[in-house]
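Student: Below is the structure I would like to discuss, written out as structure tokens.
Please treat every number below as a calculation from the coordinates, not as lab data. Predicted model only: the values in this text are computed from it and were never measured. Neighbour counts run over all protein chains shown; Cβ positions are idealised from the backbone, glycine included.
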Amino acid sequence: MTVGVVLMTYGAPSDDDDLPRYLSAVRGGRALDDALVAEMRRRYAAIGGSPLVRITIAQAAALERTLGARWPAAAGMRFSQPTIAEAVSEVVRRGAERIVGICMSPQWSPLLMGGYARELAASCERAGVAHALAETWHREPSFIASLAASIRDGLAQSDAFVLFTAHSLPRRVFEAEPEYIAQLKDTGERVAAAAGLEDGRWAWAYQSAGHTHEEWLRPDLVDLFPAIGASGATDVLVAPVQFLADHLEVLYDLDVAAAEQARAAGLRYRRIAMPNTRPSFIRALGDVARGTAASALSSVA
């Protein structure tokens with residue numbers, strides 16, 4: 001059986017002119033504030049544009065090389081091109097009889113990620129192929145091992161206080177789906193244990209809170225910098241547990257904005273390398289794809 005794999009993420013604006021359309025799509029069609037568009041335009045310009053689409057396409061190609069010819073893989077974006085529907089069509093054109101969809105976030109939230117599941121299901125129905133979705137896979141041993149190796153690589157340069165992060169959410173989302181936050185924190189705890197981090201040498205925080213008037217989850221990572229410095233640490237190593245590629249929230253929110261705040265607090269800022277196409281991470285994706293196919297698609301007629 002030939003099983004196609006579709007890696008799904010949110011995408012990025014193709015260029016500066018595409019930014020308003022992209023932001024409107026991400027925000028569900030809500031009206032855009034001119035100040036917000038200008039600020040986001042400044043941020044994308046500061047990092048030279050988001051590499052997310054390019055990296056996700058490269059991850060799909062690397063995954064296909066790892067799994068072999070009977071596992072065609074493609075990348076599909078929810079808010080830009082190539083779309084999820086286009087990715088499904090591509091792997092079907094290349095012989096896929098079944099499809100595994102993987103959201104490029106190891107933790108699962110029906111509220112936040114249900115749109116990916118619905119688009120995948122609709123696209124597979126139109127193509128006439130059965131599919132399965134890998135939901136939460138944050139406990140996948142090979143994924144935890146890969147992230148822990150990135151921590152150890154970061155600490156090899158010099159000792160540092162490790163700060164695990166995930167994208168902040170409105171408190172109403174947390175109250176509706178507390179299990180999602182539990183998965184995020186569980187990821188950090190498992191990676192800390194696998195990396196051999198001692199208690200008191202790491203902490204949990206949020207980042208990238210949205211531009212809205214409602215309450216978002218805290219603490220923000222920059223809120224912890226003064227206390228980290230006061231503890232005697234000279235370096236902070238930031239380790240996102242939810243992001244699997246370089247994109248705006250990594251390259252700007254962390255490497256520009258948070259790094260500036262760390263320096264203001266007297267800390268040297270470092271960040272672990274994102275998984276991107278790291279071989280150990282691609283092997284972890286392969287484990288997720290094979291496991292999902294074996295458990296959900298093997299008996300499909």
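Student: Relative contact order of the chain: what whole-number percent is it, with Cα pairs under 8 angstrom and at least 6 residues apart?
Tutor: Result for the chain is 23 percent.
Student: For the charge dipole of the chain, defined by +1 on Lys and Arg C-beta atoms and -1 on Asp and Glu C-beta atoms about the Cα centroid, which residue among Leu155, Ala289, Thr9 has the Cα displaced farthest towards the positive pole?
Tutor: In the chain, that residue is Ala289.
Student: Turning to a different aspect of this structure: Dipole of the range 141-271, Cα-centred, from +1 at each Lys and Arg C-beta and -1 at each Asp and Glu C-beta, to the nearest 20 debye? Can you show the working numbers first?
Tutor: Numbers: 11 positive and 19 negative charges, 57 e Å.
Computed charge dipole of the range 141-271: roughly 280 debye.
Student: Then there is this: In debye to the nearest 20, how big a dipole does the chain give about its Cα centre with +1 on each Lys and Arg Cβ and -1 on each Asp and Glu Cβ?
Tutor: Roughly 720 debye for the chain.
Student: State, to one decimal in nm², a quarter of the convex hull surface area for the C-alpha atoms of the chain, i.e. the direction-averaged projected area.
Tutor: Convex hull of Cα atoms, orientation-averaged projection: 15.6 nm².
Student: Now a separate question. Return a whole-number percent for the relative contact order of the range 1-153, with Cα pairs under 8 Å and 6 or more residues apart as the contact set. Show your work: numbers first, answer last.
Tutor: Numbers: 212 pairs, mean separation 48.2, N = 153.
It comes to 31 percent, rounded to a whole number.
Student: Turning to a different aspect of this structure: With each label point set 7 Å from Cα along the Cα-Cβ vector, what nm distance links Val256 and Thr212?
Tutor: 2.4 nm
Student: Let me ask another. Run the simple label-point estimate for Asp34 and Glu135 please: 7 Å along Cα→C-beta, distance reported in nm.
Tutor: About 4.6 nm separates the two model spin labels.
Student: Amide H of Tyr10: which non-local residues (sequence gap of 5 or more, or other chain) have their own amide H closer than 5 Å, using H built in the peptide plane?
Tutor: Close amide H contacts, sequence-distant or interchain: Arg78.
Student: If you take the beta carbon distance between Ala69 and Thr277 as r and set R0 to 22 Å, what does 1/(1 + (r/R0)^6) give as a FRET efficiency, to the nearest 0.05?
Tutor: Result of the calculation: an efficiency of 0.70.
Student: I would also like to ask the following. For the range 141-271, just the Cα set please: Rg and Dmax, both in angstrom.
Tutor: 14.3, 41
Student: Still on this structure, I have one more. Please give the length that would be gained between Ser24 and Ser298 if that part of the chain were fully extended, namely 0.36 nm times their separation in residues minus their C-alpha to C-alpha distance (nm, one decimal).
Tutor: That works out to 94.7 nm of additional length.
Student: Which value in deg cm²/dmol, rounded to the nearest 500, describes the helix-derived mean residue ellipticity at 222 nm for the chain, given -39,500 (n - 2.57) per DSSP H run of n ≥ 4 and division by the residue count?
Tutor: -14500 deg cm²/dmol
Student: Further question on the same structure: Would you mind telling me which residue in Ala156, Ala192, Ala245 has the biggest mean-square fluctuation in a Gaussian network model of the chain, where springs connect alpha carbons within a distance under 10 angstrom?
Tutor: Ala156
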